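Engineer: One structure is given below, represented as structure tokens, and several questions about it will come after.
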Amino acid sequence: MLDRPGSGDAAILVGLDFGEPDYAGGLQELHELAVSAGLKVLASLGGRRAKPDPACFAGSGKVEEIARVAAERGAGVVVFNHELTPVQERNLEQRLRARVVDRTSLILDIFAQRARSHEGKLQVELAQLEHLSTRLVRGWTHLERQKGGIGLRGPGETQLETDRRLLGRRVKVLREKLAQLRRQRAVQRRARERGDVCTVSLVGYTNAGKSTLFNRLTHASAFCADQLFATLDTMTRRVFIETRPLVLSDTVGFIKSLPHTLVEAFRATLEETVYADLLLHVVDMGSPAHEERIEEVNKVLAEIGANHIPQIIVHNKIDVKGLLPGVDRDEYGKIERVRVSARTGEGIDLLREALKDSARPVLSSDPREARAGRAKPPVSASELGLELGNG
């Protein structure tokens, strides 16, 4: 993994264009990720290619260019805006004579830096070990050699087998601890349901302003910063709508190509979203790629089984674009979008009114009946046996 922020690791960023939309935006996001990880970005290199090279991902000419620029600039880290196979990562490190980090590893490192709660740290460690396990199995052939000695290994056991066994043992322990935390969350959810409490989760792309909006609505003091994945730990507060309580949760921010290992490891946290009555989908209107980011968030919501939950789209940061606060309704008069600025407070009263209207079925005289009309998706035993923080 990378050193902690402040180390000033000098890095070269690499992003190849395979004909995907918003290639330039992807490079900019990689730059933001690298800065968030504490890297000092010296240069960004791009190029077009029809498909990845099986051995080094980039072609031989591009690898030579990267090696030359890294040597000239004194960069010790090369970050690829792609997911590399273990073999590609190993081959690139041999040819570039520098640490090679792919997009997944970079995001995992940021999560490791930002996790503060006990649960968050467990989830990040689990995701890291799951990611590392693929490297042990496929990439690091130097671990195949036999090692003698007394202690952890049986007779004739290879170093690779030992590492696999120790890693598997730690993964099992982490899964058991997270399963216990999941059970505690389930008890808390049942208590809220018995108390007829409507639950609302803030979701959205990282750095969309969810934590700022959460603080504005609840008068809390969740950490906010203009950076990707400013905080990972879920925070929950009560808000009163028409004298009835509403529970609002601030959840982890999503990002394009969110590593699957993170989604699985943070499943316990994300269950707060899966079991919510309403989602406030916060969108950064200052981003030119806000439509694409809405799609990315919806992809993750579908992956975790939360795409059935009613949403209100919250167009945030309208002050950046010079937009006016307002509410958009569909043909049936149902609120679809609310335009606000969490930073200045513009439109927050409109959002509270939208929450009041949308929560009314749950806050009715028979809330359990309202909930029963919208069945929750089943969560399989295998999912609960599996092992993501805010923007």
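Engineer: Stretch Arg165-Leu181 to full length: gain in nm at 0.36 nm per residue minus the Cα-Cα span?
Structural biologist: 3.3 nm
Engineer: Let me ask you something else. Projected area of region 9-137, taken from the Cα convex hull and averaged over every viewing direction, in nm²?
Structural biologist: The orientation-averaged projected area of the Cα hull of region 9-137 comes to 8.0 nm².
Engineer: Just to verify a number: what accessible area does Arg238 come out at with the full protein assembly present, 1.4 Å probe, Å² rounded to tens?
Structural biologist: Spelled out: Arg238, probe radius 1.4 Å, area about 140 Å².
Engineer: Could you calculate the FRET efficiency of Leu42 with Arg116 from 1/(1 + (r/R0)^6), where r is the beta carbon distance between them and R0 is 22 Å, rounded to 0.05? Present the calculation step by step, with values, prior to reporting the outcome.
Structural biologist: On the way: r = 30 Å, r/R0 = 1.38.
Taking R0 as 22 Å, the efficiency between Leu42 and Arg116 is 0.15.
Engineer: Let me ask something additional. Which FRET efficiency, nearest 0.05, do Asp22 and Val320 yield, Cβ-Cβ r, R0 22 Å?
Structural biologist: That pair, Asp22 with Val320, gives E of 0.70.
Engineer: Which residues in region 205-220 have a backbone N closer than 16 Å to a point placed 7 Å from the Cα of Arg238 along the Cα-to-Cβ line?
Structural biologist: 218-220
Engineer: On a straight-distance basis, which lysines could pair with Lys172 in a cross-link, Cα separation under 18 angstrom, same-chain partners fewer than 8 positions away excluded?
Structural biologist: Within the straight-line cut-off, Lys172 pairs with Lys121.
Engineer: Given the Cα-Cα distance of Ser257 and Ala50 and 0.36 nm per residue of separation, how much length would full extension add, in nm?
Structural biologist: Extending this stretch completely gives an extra 72.5 nm.
Engineer: Taking Lys334 as the anchor, which lysines have their alpha carbon closer than 29 Å to its alpha carbon, excluding any fewer than eight residues away along the same chain?
Structural biologist: Lys210, Lys299, Lys317, Lys321, Lys356, Lys376
Engineer: While we're here: For Lys334, what accessible surface area do you get with a 1.4 Å probe? Give it in Å², rounded to 10.
Structural biologist: 120 Å²
The values are calculated or read from the model by the stated rules, or taken from the named source; none is laboratory data. None of these values were measured; they are calculated from a predicted model. Note that each Cβ is placed from the backbone with ideal geometry, even for glycine, and that neighbours are counted across all protein chains shown. Ligands, DNA and RNA are stripped out before the accessible areas are found, and what is left, the full protein with its side chains, is counted by its heavy atoms. Shrake-Rupley method; radii C 1.70, N 1.55, O 1.52, S 1.80 Å.
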